[in-house]
Amino acid sequence: MKNTIFSLIAGVLVLGLFYGCDRQSDQASTDEIKIGVILGFTGPIESLTPTMASSAELAMKEASDSGLLLGGATVSSVRADSTCVDAGAATSAAERLVTSDNVAAIMGADCSGVTTAIANNVAVPNGVTIISPSATSPALTDIDDKGYFFRTAPSDARQGQVLAQVVMDRGINEVAVTYTNNDYGKGLSDSFVNAFKAMGGSVTTEVPHEDGKGDYSAEVSTLSASGASEVAVLGYVDQGGRGIIQNSMETGAFSRFILADGMIGDSLIENVDGDLTGTFGTLPGSESEGANMFKSIASSNGIPGDGPFEPESYDAAALILLAIQAGNSADRSSIAQNVMGVANAPGTEIFPGELGKALQILNDGGQVNYQGATNVEFSDVGEASGSYKELEIGNGKFNTVTVR
């Protein structure tokens with residue numbers, strides 16, 4: 001009888017231990033929310049992505065430190081390399097985030113081609129929300145995303161028009177154009193060329209270039225032979241676009257350059273041998289209250305705050321976190337259903353550094369209208385209209401001329 005009683009007691013204890021372990025495991029999974037951050041940590045914009053990632057992770061830390069997300073949940077970032085150019089590698093990296101790492105949502109990707117691949121092949125089929133801070137191809141507007149894809153950077157359909165107006169306003173009515181030969185480059189080139197011609201401008205030639213080459217003399221020769229005195233370089237700051245500029249300066253083909261967002265970055269000034277003074281271009285961004293608030297909190301955390309796509313990255317992560325709170329769940333489908341609700345009116349306007357305030361409002365059953373660092377306002381397909389900075393190089397740095 002004693003043996004039977006001892007056996008029963010032992011069995012109860014063992015079951016209790018297993019039950020306790022299960023409860024602890026469930027609690028841990030509830031208390032920690034994983035968000036994927038997939039950006040081109042290697043590749044043609046690798047100088048831009050570290051601070052983009054840090055900006056997104058700043059929002060995650062802000063929400064975690066508040067203690068208000070789902071009653072005290074913490075958020076951790078799981079990074080993955082999109083490479084920016086290799087769709088296969090980007091897809092594999094995203095699959096690991098979704099399956100092995102079990103992320104609730106994805107902040108990223110960066111370049112348009114890999115973002116399209118990840119959205120179509122991984123995020124949408126698995127019902128995972130993906131918010132890109134920098135994929136700008138007009139083609140992304142029309143993908144069959146089933147409500148899972150959003151972007152805080154505006155489409156190049158608009159950037160091309162803004163850049164064309166900047167060029168015309170400077171009294172330039174004839175240009176040659178070179179673009180990186182992918183979805184981003186071709187889409188931006190088409191937008192710019194069409195807008196520039198509609199404004200009365202002349203485009204002498206359009207020359208695609210491949211990234212990863214050691215010599216761009218053939219492309220520069222074609223651009224120069226077209227007779228244009230100005231050239232628009234629509235490429236990547238750490239790859240072919242920079243190569244075009246370097247060869248142009250070495251041969252004297254061009255001395256000033258027209259740039260778009262993929263070419264804006266301090267690494268261009270640091271790594272091109274020659275004086276780029278007067279070179280100008282466009283980059284999504286503003287000098288708004290939210291932008292200045294973000295710059296302040298970012299700089300106090302070792303992030304410039306006004307670098308390319310840093311504000312958009314913070315906003316992308318913030319929207320994911322607020323959508324989690326709005327739905328009272330880190331469930332993937334719930335996040336997708338609540339992004340639009342926290343991004344647009346009605347509700348209390350929320351700016352950088354105010355995520356704790358927003359989480360409390362949502363917890364109390366209220367509504368928020370997230371403005372963030374970039375004046376977020378989503379269209380019906382989940383993309384920002386945005387504003388653009390007109391920048392010009394002077395005194396060894398990019399300076400804001402105006403906001404359009």
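The values are calculated or read from the model by the stated rules, or taken from the named source; none is laboratory data. As the structure is a computational prediction, the values presented were derived from the model and not from experiment. Because the Cβ atoms are built from the backbone with ideal geometry, glycine has one as well, and the counts that use them run over all protein chains shown.
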Being modelled with pLDDT of 95 or more, of a type in the set (A, V, I, L, M, F, W, C) and either over 24 Å from Gln161 (Cα atoms) or touching a strand residue (DSSP E or B) at 6+ places or on another chain (Cβ under 6 Å) (or both), is that true of even one residue in segment 368-375? yes
Does segment 13-26 include one or more residues that are closer than 17 Å to Ser76 by Cβ and either modelled with pLDDT under 50 or acidic (Asp, Glu) (or both)? yes
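Considering only segment 113-150, state which residues are over 15 Å from Ser82 (Cα atoms), in a helix (DSSP H, G or I) and of a type in the set (A, V, I, L, M). Full working, then the answer.
In the first step, residues of segment 113-150 are kept if they are over 15 Å from Ser82 (Cα atoms); the result is 124-129, 136-150.
From what's left, in a helix (DSSP H, G or I): 138-142.
Those that are over 15 Å from Ser82 (Cα atoms), in a helix (DSSP H, G or I) and of a type in the set (A, V, I, L, M): Ala139, Leu140.
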Quick one: is Ile244 surrounded by 23 or more Cβ atoms within 10 Å (Cβ to Cβ), outside the structural domain of Ser134 (by TED's automatic domain parsing) and either in contact (Cβ under 8 Å) with a residue 60 or more places away in the chain or assigned to a helix (DSSP H, G or I) (or both)? yes
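Can you tell me which of Ala345, Ala358 is crowded, with 20+ Cβ neighbours inside 10 Å and not assigned by TED's automatic domain parsing to the domain that holds Asp261? Spell out how you get there, then give the answer.
On the way: Ala345 fails: crowded, with 20+ Cβ neighbours inside 10 Å.
From the options Ala345, Ala358, the qualifying one is Ala358.
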Is there a residue in segment 172-179 that is small (Gly, Ala, Ser) and not in a loop (DSSP other than H, G, I, E, B)? yes
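Tell me, which residue of segment 61-77 that is in contact with a helix residue (DSSP H, G or I) (Cβ under 6 Å, 6 or more places away or on another chain) and in a loop (DSSP other than H, G, I, E, B) is surrounded by the most Cβ atoms within 10 Å (Cβ to Cβ)?
First, the residues of segment 61-77 that are in contact with a helix residue (DSSP H, G or I) (Cβ under 6 Å, 6 or more places away or on another chain): 62-63, 66, 68-69, 73-75, 77.
Keeping just the survivors that are in a loop (DSSP other than H, G, I, E, B) gives 68, 73.
Working: Leu68: 20, Ala73: 18.
Selected residue: Leu68.
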Filter segment 211-223 for residues that are over 10 Å from Gly243 (Cα atoms) and without any contact (Cβ under 8 Å) to a residue 40 or more places away in the chain and give the result. Ala218, Ser221, Thr222
Name the residue that is nearest to Leu188 (Cα to Cα), counting only residues in segment 284-317 that are surrounded by fewer than 24 Cβ atoms within 10 Å (Cβ to Cβ) and in contact with a strand residue (DSSP E or B) (Cβ under 6 Å, 6 or more places away or on another chain). Ser286
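Among the candidates Gly185, Gly160, which residue alone is in contact (Cβ under 8 Å) with a residue 24 or more places away in the chain and either closer than 20 Å to Ser248 by Cβ or outside any helix (DSSP H, G or I) (or both)? Walk me through it before giving the result.
Numbers: Gly160 fails: either closer than 20 Å to Ser248 by Cβ or outside any helix (DSSP H, G or I) (or both).
Selected residue: Gly185, the only one of Gly185, Gly160 that is in contact (Cβ under 8 Å) with a residue 24 or more places away in the chain and either closer than 20 Å to Ser248 by Cβ or outside any helix (DSSP H, G or I) (or both).
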Quick check: is even one residue across segment 310-324 touching a Phe, Trp or Tyr at 6+ places or on another chain (Cβ under 8 Å) and farther than 25 Å from Thr136 by Cβ? no
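Just checking, which of Ser313, Ser385, Ser379 is touching a Ser or Thr at 6+ places or on another chain (Cβ under 8 Å) and at pLDDT below 95? Reasoning before the result, please.
Details: Ser313 fails: at pLDDT below 95; Ser379 fails: at pLDDT below 95.
Checking each option against the conditions leaves just Ser385.
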Mind checking which residues of segment 99-112 are surrounded by fewer than 22 Cβ atoms within 10 Å (Cβ to Cβ) and in a helix (DSSP H, G or I)? Thr99
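Considering every residue within segment 89-99, establish whether at least one is touching a Gly at 6+ places or on another chain (Cβ under 6 Å) and not β-branched (Val, Ile, Thr).
Yes: one or more hits.
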Let me confirm something: among Ala176, Ala135, Ala123, which residue is under 30 Å from Thr205 (Cβ atoms), in the same structural domain as Gly43 (by TED's automatic domain parsing) and small (Gly, Ala, Ser)? Ala135
Residues within segment 297-337 that are closer than 15 Å to Ala373 by Cα and among the hydroxyl-bearing types (Ser, Thr, Tyr), tallied: 3
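So, Ala330, is that one in a loop (DSSP other than H, G, I, E, B), at pLDDT 95 or above and either of a type in the set (A, V, I, L, M, F, W, C) or under 25 Å from Gly396 (Cβ atoms) (or both) or not? Step through it out loud before you land on a result.
On the way: in a loop (DSSP other than H, G, I, E, B): yes; at pLDDT 95 or above: yes; either of a type in the set (A, V, I, L, M, F, W, C) or under 25 Å from Gly396 (Cβ atoms) (or both): yes.
It is true that Ala330 is in a loop (DSSP other than H, G, I, E, B), at pLDDT 95 or above and either of a type in the set (A, V, I, L, M, F, W, C) or under 25 Å from Gly396 (Cβ atoms) (or both).
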Give the residues of segment 257-296 that are among the small types (Gly, Ala, Ser), farther than 20 Å from Thr374 by Cα and in a helix (DSSP H, G or I), sorted by residue number. Ser267
